[in-house]
Amino acid sequence: MKLKSSRLGYCRFQFFFSMYLTFSVSVPNFKHHVTEHSRLSDRMSRRLTRTYQLYSRTTKLIVETDTFGSRIRIRGAKTGFYICMNKKGKLVGRRKGRGRDCIFTEIVLENNYTALQNAKYKGWYMAFTRKGRPRKAARTRQHQREAHFMKRLPRGHLLTEPRPFDVVPYQFSKRSKAGHRPGVN
């Protein structure tokens, strides 16, 4: 009799302990995983290329994604140079944009503008003055207007690319029902 009660107590203990372990496990948080893996450049995965205008009305900038997350490289369409940031905080153009100083993180702000923070130098943002000259990154902050960019498609971009779900324009016939005149009940 004593043997059965000890086995029953042991089984109860095992059951309640397993239930405790099951319910005490926290919900998985992937933020740490995403931040760790987005720090490194991935040369194996396919790059997504987007085309839009950031600042200049005359130039076309090609934006390439670096890894998952919002890390991008910005390249001029005419010159082929990548926009990079040197250790003094100046914006420079380089033929090959493979370094971390050529990678920027897109930060969407509350006012729907985009700020571009350098991946190598945290807290340094790409910014331009009113005259279009680049500002030193050490003097920029996220809340400053000079660091806010608005994404726009280049002129004629929507007209040249076919969209898959466009509505075909259809003209209705002008015939009406026989004996029905408009405006008369």
Backbone HN-Hα couplings from phi across segment 146-151 [Karplus 6.51/-1.76/1.60, Hz, Gly and Pro as x]
5, 9, 8, 10, 10, 7
May I ask you to evaluate 6.51 cos²θ - 1.76 cosθ + 1.60, the Karplus curve with θ = phi - 60°, for each residue of segment 114-124 and list the ³J(HN,Hα) values in order in whole Hz, giving x for glycine and proline?
10, 10, 10, 9, 6, 6, 7, 10, 5, x, 9
Apply the Karplus curve 6.51 cos²θ - 1.76 cosθ + 1.60, θ = phi - 60°, to the phi angles in segment 86-97 and return the couplings in whole Hz, x for Gly and Pro.
7, 6, 8, x, 8, 7, 10, x, 10, 5, 10, x
Over 20 Å between Cα atoms: which of LYS87/LYS151; LYS87/LYS136; LYS60/LYS120; LYS78/LYS122 fall into that group?
LYS87/LYS151; LYS60/LYS120; LYS78/LYS122
Counting only residues 5 or more places away or on other chains, whose amide H sits under 5 Å from the amide H of ALA127 once H atoms are built in the peptide plane?
ARG135
In segment 128-154, which residues have a backbone nitrogen under 12 Å from the label point lying 7 Å from LYS88's Cα in the Cα-to-Cβ direction?
136-137
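So how much slack lies between ILE62 and TYR10, counting 0.36 nm per residue of separation and subtracting their Cα-Cα distance, in nm?
Stretched out fully, the ILE62 to TYR10 stretch lengthens by 12.1 nm.
Values quoted throughout were computed directly from the atomic coordinates according to the rules given, and no laboratory measurement underlies them. Since the structure is predicted, the reported quantities are computational estimates derived from the model, not experimental observations. Cβ sites come from the backbone with ideal geometry, for glycine too, and all protein chains shown count toward neighbours.
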